[in-house]
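Asker: Pasting a structure here, questions to come.
The values are calculated or read from the model by the stated rules, or taken from the named source; none is laboratory data. Keep in mind it's a predicted model, so treat the numbers as computed, not measured. A quick note on method: Cβ atoms are made from the backbone with ideal geometry, for glycine too, and the neighbour counts reach across all protein chains shown.
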Amino acid sequence: MKYFLTTAIDYVNSRPHLGTAYEKITADIIARYRRLAGYDTHFLMGNDEHSQNVFKRAQEQGKDPLAYCDEMERVFRDVWTRLDVSYDDFIRTTDRKRHFPATQKMAQACYDNGDIYEGSYEGWYCEGCEAFKPEKDLIEGKCPIHNTTPQWIKEKNWFFRLSKYQQPLLKLYAEQPSFIEPEVRRNEILRLVEGGLEDVSMSRAGQSWGIPVPFDPESVVYVWFDALINYAAAVGYGWDDELFAKWWPANLHIVGKDITRFHCVIWPAMLMSARLPLQGQVFGHGWVYFKGERMSKSLGNIVDPLDAANRFGPDPLRLYLAKEIPYGGDGDFTWERFEEKYNADLANNLGNLVNRVASMTERYQQGRIRAGGGGSLAAIASQAVAAYRTAMDGHALHDGAAAAFRLISAANNFIAETQPWSLAKDPAKAEQLNGALADTAEAVRIAATLLAPIMPSSATEILRRLGDDRPLKDRRFDADTTWRSSGEKQILNAGALWPRIEAEKGVSTVSAESPKPAEQPATQAGPAPAPGAPAAGAAAAAPVAPAAGAAPAAPVAPGAPVAPVAPVAPATITIDDFMKVELKAAKVLEAERMPKSQKLLKLKVDAGEAEPRTILAGIAESYEPEAMVGKTIVIVANLAPRKMMGIESNGMVLAASPDGGKAIVLNAEPATPGTRVR
Ligand code: MSP
């Protein structure tokens, strides 16, 4: 079965940043997952070059625009290669063989079908968005995304009859609910289209940088109309019918939430007008923030993805982005948190597990393992595989990653429980010893296979150490995630994959530093002392914090058994649990009482997203609607939408709510809407 997926094509007026890289990495994870699942996958990316900003940037640098775009193509491709993004095709909108004929063919088809007419446009245009901006979308006269004052333009334009497609689009959304994901984006688009659609410009006058309109060569095709066509152009539209029949329609367009309107409204309307099949789905991912602010060139808070990849290699970055940001929601990147997660997930958990299996197998069994019977770990593995599959099929990449890590943690716990180092002391327990090591190695093999789409080179390396050096392209999900209870493996002990970067303060893990004698359990001799190895077994049950003032830990010595993370006390939650709740500052734009309700106020709030959201809050007994307008409050942004009294509430307002008393809404003044609260 074929699977054709795409990302947005990037403006090339500046280098890729971590926000744009987030989109490509997450799309790559989906592409790699589909390949693993056996789909004939085609993954398209590209560059959007006919933007005025691109033209200006080339001029500033005294370059011919096309020569500038050629240079930027190399810059972009180099970054994507460094991040291990496995695109199958890369299209540029200046591609004369593919993109020009496709754009002209589609413009002509829409024109021939009566959907393009001549008019004149007068209004605001934001060059940052490359979009015409209705006055109501401006905040204090500025574009809310770029915080710049748009240009007032008046020019002859050709218009595309978008208004004609309001009903067909609503029908499409109703008949195919998965057309727009996630739910929050679907609701935004539904509200937008239900509110009525205006016709949109599809050309710009008086410009030379662009594709000539076929029925008016004095004008060029408007950059967005041009850009959307890339998806069809790349696979043959207008230049190779056979190829086009093979791949079109796209199964999935992955784009940021700021441009879902173009992909969920304008693009399907263009396809309907040109009588072409529609794409299967649009997934609108959230934004990557840096310390609470949207990462963007204009705000000057860019993280270079190469800096992040160079810190520990591309895989830890890919894992961070997939696992720490619920896909579809917004997420934050900070260097501190990135390092913290590197230590927790990779150095202490997965890396440690791989080391333990390899070093113990080497020490006790000369590196050889005969597959064991399965047992408790096999059951956990099969649950993890099922949960992973459901998550990944639904693009819940964070849940997929979490499922793989549940298996990894379980395998670490299994070692602590079975204590291979104790079994090794008794020759009569050789079978048991082999069984414990074999089960752990099998769990690692399955976990590595699950992680392969997210961390391709690390997974390949782990699998190689487990005696399987097939390339990822030869692996298949079902066969390679099934528990194997027969066969032999030769395991390679090849040193730490991810050395710890610093001693963690007060965290319940032990590093590979030698423990003080007092920390050695008297009754546990542990394995034959490896340099830097703490006493295993007991350490697992009673983790030891690094000594006060301990120097940063040295990289984990190969084979050093390290205790797993301590069990969490039942009355508490971890920081990870807490971070699952997405709290945000939001500004109340409108408030009104809900008819027939004593308790509920209906609020329209700006939470820094593409569109305001509606929240029903049980605060009507404490606040008059007018008193709420203009307040910056705290909301739970990732609460599942809930319908009350016929209105869908998207989130929850936080308030101190004394029993029998009046609610006091939490104040987040003067935070900017969208700032993460934690
Ligand atoms: N050229 C248009 C897309 C045309 S698609 C037919 C464009 N380009 S862009 O360079 O501004 O953005 C490329 C993609 O990166 C978009 O999907 C955008 O949403 C995404 N992101 C830009 N900044 C981002 C973050 N800070 N975080 C996550 N995604 C971000 O729009």
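Asker: How do the pairs read when you match residues in region 272-293 that are within 30 Å of Ala109 (Cβ to Cβ) with residues anywhere that are in a helix (DSSP H, G or I) and within 11 Å of the ligand (Cβ to nearest atom), using Cβ under 6 Å and keeping only pairs 6 or more apart or on different chains?
Answerer: Sorted first by the residue in region 272-293, then by its partner, the pairs are Val282/His263; Gly284/Lys257; Gly284/Thr260.
Asker: Further question on the same structure: What is the residue count in region 16-45 for residues that are more than 8 Å from the ligand (Cβ to nearest atom) and either over 19 Å from Asp258 (Cβ atoms) or polar (S, T, N, Q) (or both)?
Answerer: 18
Asker: Out of curiosity, is Tyr237 within 9 Å of the ligand (Cβ to nearest atom) and either part of a loop (DSSP other than H, G, I, E, B) or in contact with a strand residue (DSSP E or B) (Cβ under 8 Å, 6 or more places away or on another chain) (or both)?
Answerer: No, not satisfied.
Asker: Then there is this: Residues in region 296-311: is at least one at pLDDT 95 or above, part of a loop (DSSP other than H, G, I, E, B) and at positive phi?
Answerer: No; the residues of region 296-311 include none that is at pLDDT 95 or above, part of a loop (DSSP other than H, G, I, E, B) and at positive phi.
Asker: Confirm whether Asp89 is out of contact with any Phe, Trp or Tyr (no Cβ under 8 Å at 6 or more places or on another chain) and either on the phi < 0 side of the Ramachandran plot or surrounded by fewer than 20 Cβ atoms within 10 Å (Cβ to Cβ) (or both).
Answerer: Here the answer is no, as Asp89 does not meet what is asked.
Asker: Still on this model: So for region 165-173 (the condition being within 16 Å of the ligand (Cβ to nearest atom) and not hydroxyl-bearing (Ser, Thr, Tyr)), does at least one residue qualify?
Answerer: Checked region 165-173: no residue is within 16 Å of the ligand (Cβ to nearest atom) and not hydroxyl-bearing (Ser, Thr, Tyr).
Asker: Which residues, counting only those in region 247-294, are near the ligand (Cβ under 9 Å from one of its atoms) and assigned to a loop (DSSP other than H, G, I, E, B)?
Answerer: Gly286, Trp287
Asker: Looking only at residues in region 4-18 that are in contact with a helix residue (DSSP H, G or I) (Cβ under 7 Å, 6 or more places away or on another chain) and polar (S, T, N, Q), which one is farthest from Gln61 (Cα to Cα)?
Answerer: Thr6
Asker: Now for a separate question. Quick one: in region 154-195, of everything that is basic (Lys, Arg) and in a helix (DSSP H, G or I), which residue is nearest to Ala109 (Cα to Cα)?
Answerer: Lys164
Asker: Taking only region 572-624 into account, find how many residues are among the small types (Gly, Ala, Ser) and either loosely packed, with under 15 Cβ neighbours inside 10 Å or in contact with a helix residue (DSSP H, G or I) (Cβ under 9 Å, 6 or more places away or on another chain) (or both).
Answerer: Number satisfying all stated conditions: 4.
Asker: Check region 105-113 and report whether any residue there is under 30 Å from Arg318 (Cβ atoms), surrounded by 14 or more Cβ atoms within 10 Å (Cβ to Cβ), touching a Pro at 6+ places or on another chain (Cβ under 9 Å) and touching a residue at least 24 places away in the same chain (Cβ under 8 Å).
Answerer: Checked against the condition, which is being under 30 Å from Arg318 (Cβ atoms), surrounded by 14 or more Cβ atoms within 10 Å (Cβ to Cβ), touching a Pro at 6+ places or on another chain (Cβ under 9 Å) and touching a residue at least 24 places away in the same chain (Cβ under 8 Å), region 105-113 yields no hits at all.
Asker: For Asn310, work out the one condition from (1) more than 11 Å from the ligand (Cβ to nearest atom); (2) within 17 Å of Ile9 (Cβ to Cβ) it doesn't fulfil.
Answerer: (2)
Asker: Take the residues in region 361-384 that are surrounded by fewer than 19 Cβ atoms within 10 Å (Cβ to Cβ) and not in a helix (DSSP H, G or I), then tell me which one is modelled with the lowest pLDDT.
Answerer: Gly373
Asker: Moving to a separate point now. Output the number of the condition that Glu609 fails; it satisfies all remaining conditions of (1) modelled with pLDDT under 90; (2) in a loop (DSSP other than H, G, I, E, B); (3) over 23 Å from Lys580 (Cβ atoms).
Answerer: Tallying (1) modelled with pLDDT under 90; (2) in a loop (DSSP other than H, G, I, E, B); (3) over 23 Å from Lys580 (Cβ atoms), Glu609 fails exactly one: (3).
Asker: Further question on the same structure: So, Asp332, is that one of a type in the set (D, E, K, R) and either modelled with pLDDT of 95 or more or part of a helix (DSSP H, G or I) (or both) or not?
Answerer: Criteria not met by Asp332.
Asker: Within region 643-658, which residues are without any contact (Cβ under 8 Å) to a residue 24 or more places away in the chain and not in a loop (DSSP other than H, G, I, E, B)?
Answerer: If the condition is that a residue be without any contact (Cβ under 8 Å) to a residue 24 or more places away in the chain and not in a loop (DSSP other than H, G, I, E, B), then Lys643, Ala656 are the ones that fit.
Asker: Hey, another quick one. Does Ser458 fit the bill of being among the small types (Gly, Ala, Ser) and modelled with pLDDT of 95 or more?
Answerer: Yes: the conditions hold for Ser458.
Asker: Could I ask something else about it? Given the criterion away from the ligand (no atom under 15 Å from the Cβ), over 19 Å from His263 (Cα atoms) and out of contact with any Leu (no Cβ under 6 Å at 6 or more places or on another chain), identify the matching residue among Gln52, Gln61.
Answerer: The match here is Gln61.
Asker: While we're on this one: Output the residue which, of all residues in region 626-678 that are basic (Lys, Arg) and loosely packed, with under 14 Cβ neighbours inside 10 Å, is farthest from Lys257 (Cα to Cα).
Answerer: Lys662
Asker: Another one. Scanning for something hydroxyl-bearing (Ser, Thr, Tyr), within 16 Å of the ligand (Cβ to nearest atom) and at negative phi, does region 148-161 turn up at least one residue?
Answerer: Yes, there is a match, as at least one residue in region 148-161 is hydroxyl-bearing (Ser, Thr, Tyr), within 16 Å of the ligand (Cβ to nearest atom) and at negative phi.
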